[in-house]
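A.B. asks: I am attaching a structure below and will ask some questions about it afterwards.
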Amino acid sequence: MTDHPFDVVCIGNAIVDVIAHADEGFLGRHGMVKGTMQLIDDGLAHRLYEDMGPGVEISGGSAANTAAGIASFGGRVGFVGRVADDQLGEVFTHDIRASGVHYEPAPVVGGPATARCLILVTPDAQRTMNTFLGASSLITPDDVDEALTGSAQVVYAEGYLWDQPAAKDAIRLAMDAAIASGNKVALTLSDMFCVDRHRADFLELAEHRVDVLFANEAEICHLYETSSFDEAADRVAAHCELACLTRSEKGSVIIGGDGVRIDVPPAPVDHVVDTTGAGDLYAAGFLYGFTNGFELETCGRFGALAAAEVISHVGARPEVSLRDLAGV
């Protein structure tokens, strides 16, 4: 499998997280409910950004985090996502390239601003998030380089993008390019509410287009409308070549359509600081192992290792070399 220029090409939202400290009075003045996430429009995003105190800007986005994780393992990875021609678009582009990810966007001029998640951290360490999807959610088939997506062993897409019709078309185009080249397609379900909104489409993708499905326990149960994890695992086995199902402190389960079930324990963590990005980095570890010829159990252990690293600090991208941690 070494004749491909890329191991994985990821497609998803290009978001910059802006993290600042605030007191509860700030939240009250802006009508925020502490500890929650709300979607906001462009005008509110600008007003909040201007009113926030000094912040730290950290590039994010689910599939982008996965791409950065694969690069940290030493994998060859590209990313497809839309940014605007603005300051945060430059920040995102710089960060993902600096992490070792191939990214050649055509920044949008005159449209919505680059997506950002404005995160207020109160003294009790609660994170209150305000997300403006902006340019990232307006990705279209024109943003997809079929030569790029057809050149990777795996094309990996995030379910979060499925809310926009043009973004759905872009993902399908990327998947079709992979399939036409005889390569694999992977999808993360992203969020249980996202699953509820798009269950029929996700089931169709799982059965007919997706080779490797990523989901946590709540998402896979919502997909098959059951409260039984084992029932959901049995049903997904009939749809996909592989399903990687994460279960927090219970570890993860890898399900194969040929009857394989591998239970992978979680990697130890001294202190959990921030669980943001755990699923994204699990996917990174698994896909790195999968595209580099490792056994499935080892792929799952790479995923667990990467997830453990990212939840040990603030931010959804690794702070140390995952390649060194894994000893590969």
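Quick note: the coordinates plus some simple rules give every number you see, no bench work behind them. This structure is a prediction, so every number in the text was calculated from the model and none was measured. Here the Cβ is made from the backbone with ideal geometry for all residues, glycine too, and neighbour counts use every protein chain on show.
A.B. asks: Only helical DSSP H runs with n ≥ 4 go in: add -39500 (n - 2.57) per run for the chain, normalise by residue count and round the 222 nm mean residue ellipticity to 500 deg cm²/dmol.
C.D. replies: -11000 deg cm²/dmol
A.B. asks: Please report, in debye to the nearest 20, how large the charge dipole of the stretch 79-130 is about its Cα centre when each Lys and Arg carries +1 at its beta carbon and each Asp and Glu carries -1 there. Let's see the in-between values first.
C.D. replies: Details: 4 positive and 6 negative charges, 28 e Å.
I would put it at about 140 debye.
A.B. asks: While we're on this one: Pop a pseudo-label 7 angstrom from the Cα along the beta-carbon direction at both Glu241 and Leu203 and give the gap in nm to one decimal.
C.D. replies: Here the modelled spin labels are 2.4 nm apart.
A.B. asks: Then there's this: Given the Cα-Cα distance of Asp258 and Val33 and 0.36 nm per residue of separation, how much length would full extension add, in nm? Please list the in-between numbers first.
C.D. replies: Values: separation 225, 0.36 × 225 = 81.00 nm, distance 4.64 nm.
Working it through step by step, the gained length comes to 76.4 nm.
A.B. asks: For a quick check: sort Asp145, Asp3 by the number of other beta carbons within 10 angstrom, fewest at the front.
C.D. replies: Asp3, Asp145
A.B. asks: Then there is this: Positive end of the dipole of the chain, charges at C-beta (+1 Lys, Arg; -1 Asp, Glu), about the Cα centre: which of Val273, Ala316, Leu133 has its Cα farthest in that direction?
C.D. replies: The residue sitting farthest along the positive end of the dipole is Val273.
A.B. asks: To the nearest 10 degrees, how steep is helix 199-208 against the longest Cα principal axis of the chain, on a 0 to 90 scale?
C.D. replies: Helix 199-208 and the main axis of the chain meet at about 40 degrees.
A.B. asks: Something else about it: Once the Cα gyration tensor of the stretch 60-116 is diagonalised, what are the square roots of 5 times its eigenvalues, in whole Å and ordered largest first, as equivalent ellipsoid semi-axes?
C.D. replies: 21, 10, 9
A.B. asks: How tilted is helix 296-310 with respect to the longest principal axis of the chain? Cα atoms for both, answer in degrees (0 to 90, nearest 10).
C.D. replies: 10 degrees
A.B. asks: Can you say what percent of the DSSP beta bridges in the chain, counting only those with both residues inside, are antiparallel? Round to 5.
C.D. replies: Around 40 percent antiparallel, to the nearest 5.
A.B. asks: Given the options Phe193, Phe202, Phe286, which has the most mean-square fluctuation in a GNM of the chain, springs set between C-alpha atoms less than 10 angstrom apart?
C.D. replies: Result for the chain, Cα springs under 10 Å: Phe193 fluctuates most.
A.B. asks: Here's something else I'd like to know. May I ask for log10 I(q)/I(0) of the chain at q = 0.10, 0.12, 0.14 Å⁻¹, from a Debye sum over the Cα atoms as equal point scatterers with solvent left out?
C.D. replies: One equal scatterer on each Cα of the chain leads to -0.54, -0.79, -1.09.
A.B. asks: To make sure I understand, if each residue's beta carbon is the centre and we count other beta carbons within 10 Å, what order do Arg323, Arg29, Arg76 fall in, fewest to most?
C.D. replies: Taking fewest neighbouring Cβ atoms as first place, the list is Arg29, Arg323, Arg76.
A.B. asks: Over the stretch 223-328, consider all pairs of different Cα atoms and compute the Kirkwood hydrodynamic radius from their mean reciprocal separation; express it in Å, one decimal.
C.D. replies: Value: 14.2 Å, from the Cα pair sum.
A.B. asks: Starting from 0 in steps of 10 Å, tell me what percent of the Cα-Cα pairs of the stretch 1-150 lands in each bin.
C.D. replies: 12, 39, 30, 15, 4, 0
A.B. asks: Same structure again: For the chain, with only Lys/Arg (+1) and Asp/Glu (-1) charged at the beta-carbon, what is the dipole magnitude about the Cα centre, in debye rounded to 20?
C.D. replies: On the way: 21 positive and 48 negative charges, 33 e Å.
The calculation lands at about 160 debye.
A.B. asks: Also, quick follow-up: Kirkwood hydrodynamic radius (Cα pairs, Å) of the stretch 92-231? Kindly include the intermediate steps, with their values, before the conclusion.
C.D. replies: Values: mean 1/r = 0.0592 Å⁻¹.
When all Cα pairs of the stretch 92-231 are included, the Kirkwood radius is 16.9 Å.
A.B. asks: Kindly rank 301-314, 80-93, 36-49 from highest to lowest mean number of other beta carbons found within 10 Å of each residue.
C.D. replies: 301-314, 80-93, 36-49
A.B. asks: Give the order of Leu245, Leu138, Leu189 when sorted by the count of other beta carbons within 10 angstrom, beginning with the fewest. Mind showing how you got there, number by number?
C.D. replies: Values: Leu245 22, Leu138 18, Leu189 26.
Result, fewest neighbours first: Leu138, Leu245, Leu189.
A.B. asks: A follow-up question, please. Cut-off 10 angstrom, C-alpha nodes, Gaussian network model of the chain. Which of Glu297, Glu249, Glu241 fluctuates the most?
C.D. replies: Glu249
A.B. asks: Taking a temperature of 4 °C and a viscosity of 1.567 mPa s, what whole-number D in µm²/s does Stokes-Einstein yield for the stretch 1-74 with Rh from Kirkwood over alpha carbon pairs?
C.D. replies: Translational D for this selection: 85 µm²/s.
A.B. asks: Please report, for the Cα atoms of the stretch 163-222, the Rg to one decimal and the Dmax as a whole number; what are they, in angstrom?
C.D. replies: Cα-based Rg and Dmax for the stretch 163-222 come out at 11.6, 33 Å.
A.B. asks: Pop the C-beta distance of Glu249 and Asp85 into the FRET formula with R0 = 30 Å and round what comes out to the nearest 0.05.
C.D. replies: Efficiency, rounded to the nearest 0.05: 0.10.
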